[in-house]
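The values are calculated or read from the model by the stated rules, or taken from the named source; none is laboratory data. In this text, all values refer to a predicted model and were calculated from it rather than measured experimentally. Cβ atoms come from the backbone with ideal geometry, glycine included; neighbour counts cover every protein chain shown.
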Amino acid sequence: MFRAACGLACLGIVVSGIAQEGHPLTGTWSGDWGPTTTQRNHLTFVMNWDGKNVTGTINPGPDSIPVGSVLLDVTNWTVRMEADAKDQSGRAVHIAAEGKLEDIASWHRKITGTWVQGTTKGDFRLTRD
Amino acid sequence: MRHAALAVLVVVLAILLVVPASAQKSFSATYDSERQVKLEGIVTRIDWVNPSAYLLIDVKDAGGTITNWAVEFGNPLELDRDGWKRNSLHIGDVVNVEGNPARGESRQAFAKSVILKSTGKRLFVAPARRAAAPAAPAPRWPDGRVRLGPPPGKKGYWGTASVKALVENTGVKIPMNDDGLLLNLTDADRVAPFQPWAKALYLRRQRMLLKDDPLARCLPPGGPRQFHSANGFQFIEQRELGRILVLLGGGDRNWRVISTDGRPVGQAAEAVLSYYGTSVGHWEKDTLVVDSVGFNERFWMTSGGLPHTEALHLTERFSRPDLNTLKYEVTVDDPRTYTRTWTGGWIVQWVPDKEIEEYFCEENAESTFIR
C-alpha cells in the first residue's frame, strides 16, 4: 500500500510540474475508439511535427498504420486525421477521425471526437502519454 | 497499520508539494491591474522569503468583521538591496496598503504602497535610482581578452535586463507589461515571425494571462530567459578547463556550461535534450559567440510565452563594451516554429561589489497560500 501511495504521490508531483510546451500534437498518445462504450479498440498514436506537416503512426509495431494526413485547425484547435488500414481479410479500410484538442497546457492533453473506420462509426479519445 | 499511516502521510505531503508548485503565478495571472484596493489592517505575520515577501494583515470591514489578507510586496533580495529588512515592520503594526487585488474572490493583493500608520512612513519603496558602478573600461585577462566576470579581486554580477521579454529586433517598441503580456494582441505579428500554430499558441497563452507559465511552477528558465532573471547571473570563465559556467541567480540556482575547448557545435539529434541545451562557444574579437542546440520543449524561452520545438538552435553573442554593460544578442533558428530566423536582444547592467544571493523558487511555497 505504501509503495502504491508513494507511486501515486510521485506521479502527482510530476504531472503537476511538467508539460510539453512545443507543438501541441507532438508526442505519443494513447486511448481507444469504438462504436459503443463497451466495444472499444486500443489506440496508440505517435505524432511528430516536422515544421510543415504532422506525421504519424497508429499502433506502432508489426500492424502499424501510417497516418495519411493530420491537420490541426488552430482557429478552434480541432484535429482531422486520415489513414488507410487493412482489415483482417486484407481489404483496404479507410479511417477518418475528427476531434477537439483539449487542455492544451497539460502534458496529458486530450483529443476526443468521432472516428469512422470503414463502415463503422464511433468515437475516440486520446490522451498524451 | 504503520504502512497505512505512512501511505496517508506520503499522499498528504504530495498534495502539499503539488499545491504550492501550482500556486506561484505571474503577476498578470494572479492580480488584476485594472482594479485597486485600499486596506487598513494589523500585521499578523511577515513572510520574508523568495521570490516574494508577504505580509498578512487583519482587516476589519464596516460591519466589524475581520478578515485576513495576504499582501505581496516585493522580492526580498531586491528589498534587501534597497535597504529594507524583515524587521522594518513588526507584528501588531497597523499599515495602510494600496495595491491591486487578486483576480477572483481571494483576499490577496499586490501592494503598490505600504504606509506605517503610526508614523506615516512609506515602507519597502525602491530608491529613485540605484547607484551605478563608476564608468570604467571592460576588464581584461592578461592576454587582452575581455573578462565577462568581475575585475580581478572584485565582486559583482550581471543584474536586470533592459527589457522584459524577447522580441524581434525591428527597432519598433512593442508595448507590453513586465510579464511580457502584450497591451495589444494585434502586435503579435511584430513579436516574431510565427508559424500559424505557434502564433495561435502564443496568443492563447497571452489570453490566458500566462497562467500556464512553466517558470511559475519553478521549472528552469531555459534559453534566452535565463538572462531575464530578476536575480541576475554570473559568468565563471574556467579557461584552463575550456569552459564557461553561467551561474543563474533565478531558476533555483541553475547553471549552464558553455564549452570553449574547440569542440564542434552539437547536433540536436545527438544531444540529450535539456532546458539549457548543449552550448559551444568561441571568441570573435571581443564577442563571445555561443551556439546551442538540444533543447527540450518543457519551457518558454522568454516571458510572454514564445513557443519553440526541439529543433531550436540559438546563436548568442555576448559583448562587454565597458565594465557596466553586457550586450546580449540572440538569433533564433527554429524552422518548425518560425518562418525564418530572427534576432533580438537587450542590455544587462553590472551589479558591482555584490555576489548573487541564494534564491530558490520553491522556497516561497508556504507563503503563496491564500487565506
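The single condition among (1) modelled with pLDDT of 95 or more; (2) within 25 Å of A:Val54 (Cα to Cα) that B:Gly277 does not meet is (1).
Residues checked against (1) surrounded by fewer than 16 Cβ atoms within 10 Å (Cβ to Cβ); (2) closer than 21 Å to B:Thr343 by Cα; (3) in the same structural domain as B:Leu182 (by TED's automatic domain parsing):
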{"residue": "B:Arg239", "(1), (2), (3)": "yes, no, yes"}
{"residue": "B:Ile244", "(1), (2), (3)": "no, no, yes"}
{"residue": "B:Gly249", "(1), (2), (3)": "no, no, yes"}
{"residue": "B:Arg263", "(1), (2), (3)": "yes, no, yes"}
{"residue": "B:Tyr276", "(1), (2), (3)": "no, yes, yes"}
{"residue": "B:Asn296", "(1), (2), (3)": "no, yes, yes"}
{"residue": "B:Phe299", "(1), (2), (3)": "no, yes, yes"}
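So for the range B:340-363 (the condition being within 14 Å of chain A (Cβ to nearest Cβ), at pLDDT 95 or above and within 30 Å of A:Thr55 (Cβ to Cβ)), does at least one residue qualify? Yes, the range B:340-363 contains at least one residue that is within 14 Å of chain A (Cβ to nearest Cβ), at pLDDT 95 or above and within 30 Å of A:Thr55 (Cβ to Cβ). Of everything in the range B:21-47 that is hydrophobic (A, V, I, L, M, F, W, C) and at pLDDT 85 or above, the residue that is farthest from B:Leu116 (Cα to Cα) is B:Val37. Could you please tell me which pairs satisfy a Cβ distance under 7 Å, a separation of 6+ or placement on different chains, a first residue in the range B:79-102 that is outside the structural domain of B:Ala230 (by TED's automatic domain parsing) and closer than 18 Å to B:Lys117 by Cα, and a second residue that is hydroxyl-bearing (Ser, Thr, Tyr) and surrounded by fewer than 20 Cβ atoms within 10 Å (Cβ to Cβ)? Listed pairs, sorted by first residue: B:Ile91/B:Thr44; B:Val94/B:Ser118; B:Glu98/B:Ser113.
Filtered by the rule that a residue be without any contact (Cβ under 8 Å) to a residue 24 or more places away in the chain and among the aliphatic types (A, V, I, L, M), the range A:58-106 gives A:Val67, A:Leu71, A:Val74, A:Ala92, A:Ala96. Looking at this structure, is B:Gln206 part of a helix (DSSP H, G or I), closer than 21 Å to B:Glu357 by Cβ and either out of contact with any Asp or Glu (no Cβ under 7 Å at 6 or more places or on another chain) or within 12 Å of chain A (Cβ to nearest Cβ) (or both)? Answer is no for this residue. Number of residues in the range B:180-198 that are crowded, with 17+ Cβ neighbours inside 10 Å, within 14 Å of another protein chain (Cβ to nearest Cβ) and in a helix (DSSP H, G or I): the value is 3.
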